[in-house]
Amino acid sequence: MTTDPTAFERLDLRVGRIVDANPNLKARVPAFKLYIDFGDLGMRTSSGQYMDIYTAEELIGRQVICAMNLGSIRIGGFDRRCSCSAHAARRALQCCSRPNATCHSARRFFDSPTSELP
């Protein structure tokens, strides 16, 4: 199987900071409702099955890398408007930095020469 290298250019990956996390009690698999601040791009919501790895308090303040252009889906009655990058084997969030560290929010990864930042 081969991957088209331009697929990465089409994927809109951004850095955001988790500002709130609450259990999604309606999800079939235990999950958090994540509220992520993307700076100038505003707030987005996501869902993550990290309850056996993190507490809500451990998630708040973490910066994460999220795919912004994969569409929206409903998970347990909650709209997921971006998708957080996670380690497949451990389901741990792929964090851009340590909690409370600074990384420019809304930074875009895999910029092509024709990409424009907002």
So LEU59 fits all but one of (1) surrounded by fewer than 17 Cβ atoms within 10 Å (Cβ to Cβ); (2) farther than 10 Å from GLY16 by Cα; what number is the exception?
(1)
Within the stretch 1-39, can you find the residues that are at pLDDT below 90 and out of contact with any strand residue (DSSP E or B) (no Cβ under 7 Å at 6 or more places or on another chain)?
MET1, THR2, THR3, ASP4, PRO5, THR6, ALA7, PHE8, GLU9, ARG10
Does SER46 satisfy the condition of being at pLDDT 90 or above, within 15 Å of ALA21 (Cα to Cα) and surrounded by 14 or more Cβ atoms within 10 Å (Cβ to Cβ)?
yes
Taking the stretch 10-26 and the residues there that are outside any strand (DSSP E or B) and either more than 19 Å from ILE60 (Cβ to Cβ) or of a type in the set (Val, Ile, Thr) (or both), the one that is nearest to the chain's Cα centre (by Cα) would be ASP12
In the set VAL29, VAL64, the lone residue that is free of Cβ contacts under 8 Å to residues at least 24 places away in the same chain and either surrounded by 14 or more Cβ atoms within 10 Å (Cβ to Cβ) or more than 9 Å from the chain's Cα centre (by Cα) (or both) is VAL29
Could you list, in sequence order, all residues of the stretch 34-60 that are under 20 Å from GLY77 (Cβ atoms), in contact (Cβ under 8 Å) with a residue 40 or more places away in the chain and within 11 Å of the chain's Cα centre (by Cα)?
LEU34, ILE36, GLY48
Residue in the stretch 52-92 that is modelled with the lowest pLDDT, counting only those that are among the aliphatic types (A, V, I, L, M) and under 17 Å from ASN24 (Cα atoms)
ILE53
Looking only at residues that are without any contact (Cβ under 8 Å) to a residue 24 or more places away in the chain and among the hydrophobic types (A, V, I, L, M, F, W, C) in the stretch 1-26, which one is farthest from ILE73 (Cα to Cα)?
MET1
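The values are calculated or read from the model by the stated rules, or taken from the named source; none is laboratory data. Being a predicted model, the structure only gives us computed values, none of them experimental. So basically every Cβ, Gly included, is an ideal-geometry build from the backbone, and we count neighbours across all protein chains shown.
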